[in-house]
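Trainee: The structure under discussion is supplied below as structure tokens; questions concerning it will follow.
Just so it is clear, none of the values below were taken in a lab; they were calculated from the coordinates. Nothing here was measured: the structure is a model prediction, and the numbers come from that model. Cβ coordinates were reconstructed from backbone atoms using ideal geometry, including for glycine residues, and neighbour counts include every protein chain displayed.
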Amino acid sequence: MRFQLRAAGVLGLLAGATRAIQVDFSSDGMVTQHLSKSKTNSKPESIKSTASTIAFGLLKYYTGNNTGDVPGNLPDPYFWWEAGAMFGTMVDYWFLTGDETYNAVTMQALLHQVGDDRDFMPQNQTRTEGNDDQGFWAMAAMSAAENKFPDPPADQPQWLALAQAVFNEYVERWDTATCGGGLRWQIFTFNNGFNYKNSISNGCFFNVAARLARFTGNQTYADWAEKVYDWMSDTGLITSDFKVFDGAGVEKGCQDIDQAQWTYNAGIFLHGSAVMYNFTGGNATWKQRTQGLLDQTSSFHFENGIMVEKPCEDGGFCDIDQQSFKAYLLRWLAGTTQMADFTFDTIMPLLKSTADAAAKQCTGSPSAAEFKGKPGTACGFQWTKSPQFDNLVGVGEQQSALAAVMYNLVQKTTQSGKAPVTADTGGTSQGNVNAGASMQDKTPNRLEPITTTQKVAAGFVTTAIALSVMGGCFFMIK
Ligand SMILES: *[C@@H]1O[C@H](CO)[C@@H](O)[C@H](O)[C@H]1NC(C)=O
Ligand SMILES: *[C@@H]1O[C@H](CO)[C@@H](O)[C@H](O)[C@H]1NC(C)=O
Ligand SMILES: *[C@@H]1O[C@H](CO)[C@@H](O)[C@H](O)[C@H]1NC(C)=O
Ligand SMILES: *[C@@H]1O[C@H](CO)[C@@H](O)[C@H](O)[C@H]1NC(C)=O
Ligand SMILES: *[C@@H]1O[C@H](CO)[C@@H](O)[C@H](O)[C@H]1NC(C)=O
């Protein structure tokens, strides 16, 4: 993941000054009516059709399936990790709606980016890749295994083995030399951010480990999940009242915590904790953690029942990456209901009110350069301002709105029975406990030297961390 400064507000205003046809989701009897009116999702077809419209607009951003383009990449300005995250969303989209339209591009994208070592470290990305970047691809593969997304042909890497490869590499990168443990943000020493231990990288490790434990039944994965959680807690990155902060620098032994609270950091630990609760057959400690993270999430990351990206949304300075984070908290909230039934009645109303607000933002008709979906269906970002369209459009906004709508299709597992599987309950994906490669085989000398331009780009990181710390403090004071 990168940090770049973006004058989101200004660009947005310039970009979307005109609006043409508007689709009113409420009068069309789509999301709004059914979500607010019905006790349960009595009209899943209307939710599916809204999701389908939004997904169409989302995938129009994807060019990796065009002749001469690289499968799995999104065009500029979207970074590689976000493509992995988006295809993770598309795995869930198929699972929830049954719409197979995008399965072929999703499979092609995920497999094209596995790299020579079958671990989501393709040569083109490795040099600038962070643990979190790799993690979002790994979690997409894990979702494919759990959702019984079609298995790749036998001569191709398999979903479960891909997640195991990334897990094995995380184990090797676990760094006890500083801060008593934890994963660093960056994989390689020469990247800015190597000296930062962040919650999302450790969250990826935790989440993948918990899910591998549940899927395979192998206790080693659960032990690692426990270890990551304990480290987060000991370091103060997860507080006693379950705030999840952004990260901390190793130079000061992780004492200088960046206290910004992003939606996806809360979500990734919430979902992983629910998976551990499920894996342990209802352990009280994991139940308490799940409940605590949920309580903190529902009070902090929502305003009047509508999800909001607190550190940057009101100020209008969320960057390209941050504009997609709400999609992942939505994903993990829905996933939590599937793993820990006791959360269902708290989470579903939040998903409904958020979907209602998000769908009302899907009325934009920006220029074709900005949006190639159906006019009047581009989704904005600031759902708390709905129905006023805020002119912010892009992969993050569109993906988040899709997530908001489609995750309303999750059902109580006790009633529908269509929950993420394990190897014992119908999972078919083949694993390999030894998948992945050693860091020795990934030394930078196997990679091209960094160019000056890339060094300059990486310099943004330092600024962004400083700003991010300021953002956190600003928020605390406020
Ligand atoms: C690529 O996939 C998108 C989304 O499914 C589709 O709209 C487009 O036609 C595809 N392009 C090609 C060249 O197949
Ligand atoms: C790596 O990038 C080059 C240049 O964009 C592209 O031609 C090539 O197909 C990419 N390789 C893979 C495996 O994606
Ligand atoms: C674990 O998840 C499965 C699938 O959703 C569910 O059937 C089971 O009841 C859950 N176990 C616990 C302890 O909640
Ligand atoms: C529940 O999980 C916690 C954390 O892993 C562990 O310390 C505790 O012993 C477990 N409780 C039971 C009853 O197994
Ligand atoms: C469990 O996972 C660990 C860590 O990858 C591995 O070393 C071990 O062989 C696995 N055990 C079984 C029974 O698969």
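Trainee: To one decimal place, what orientation-averaged projected area in nm² is obtained for the convex hull of the Cα set of segment 228-270?
Mentor: 2.8
Trainee: Give LYS243/LYS442; LYS243/LYS385; LYS197/LYS385; LYS60/LYS360 a once-over and call out the pairs whose C-alpha atoms are over 29 Å from each other.
Mentor: From LYS243/LYS442; LYS243/LYS385; LYS197/LYS385; LYS60/LYS360, over 29 Å: LYS243/LYS442; LYS197/LYS385.
Trainee: Another question about this same structure. Simple spin-label model, 7 Å along Cα-to-Cβ: ASN432 to ASN65 in nm?
Mentor: 2.7
Trainee: Also, I was wondering about something else. Sorted by average packing, counted as other Cβ atoms within 10 angstrom per residue and highest first, what order do 137-148, 317-328, 235-246 take?
Mentor: The densest-packed peptide leads the list: 137-148, 317-328, 235-246.
Trainee: So, one more: Give the calculated FRET efficiency between THR189 and ALA368 to the nearest 0.05, with a Förster radius of 45 Å applied to their Cβ-Cβ distance.
Mentor: It comes to 0.55.
Trainee: Could you sort 252-259, 225-232 so that the peptide with the highest average Cβ count within 10 Å comes first and the rest follow in order?
Mentor: Details: 252-259: 16.4, 225-232: 21.2.
Top of the packing list down: 225-232, 252-259.
Trainee: Tell me the label-point distance for the pair PHE300, LYS412, using the 7 Å Cα-to-Cβ offset, in nm and rounded to one decimal.
Mentor: 3.0
Trainee: Taking only the C-alpha atoms, wrap a convex hull around segment 170-251 and report its volume per residue in Å³ as a whole number. Could you put the intermediate results ahead of the total?
Mentor: Working: hull volume 7.4 nm³, N = 82.
Expressed per residue, the convex hull around the Cα atoms of segment 170-251 is 90 Å³.
Trainee: What is the mean projected area of the alpha carbon convex hull for segment 352-447, to one decimal in square nanometres?
Mentor: Numbers: hull surface 46.2 nm².
It is 11.6 nm².
Trainee: What is the packing order of peptides 361-367, 130-136, 301-307, taking the mean over residues of other C-beta atoms within 10 Å and listing the highest first? Show your work: numbers first, answer last.
Mentor: Numbers: 361-367: 24.3, 130-136: 26.4, 301-307: 18.4.
For the peptides 361-367, 130-136, 301-307, the packing ranking is 130-136, 361-367, 301-307.
Trainee: Would you give the gap between the C-alpha center of segment 208-226 and the C-alpha center of segment 270-338, rounded to a whole Å?
Mentor: Here the answer is 20 Å between Cα centres.
Trainee: Debye calculation, C-alpha points only, no solvent: report log10 I(q)/I(0) for segment 118-256 at q = 0.21 Å⁻¹, in the same order as the q values.
Mentor: Rounded to two decimals, the profile gives -1.26.
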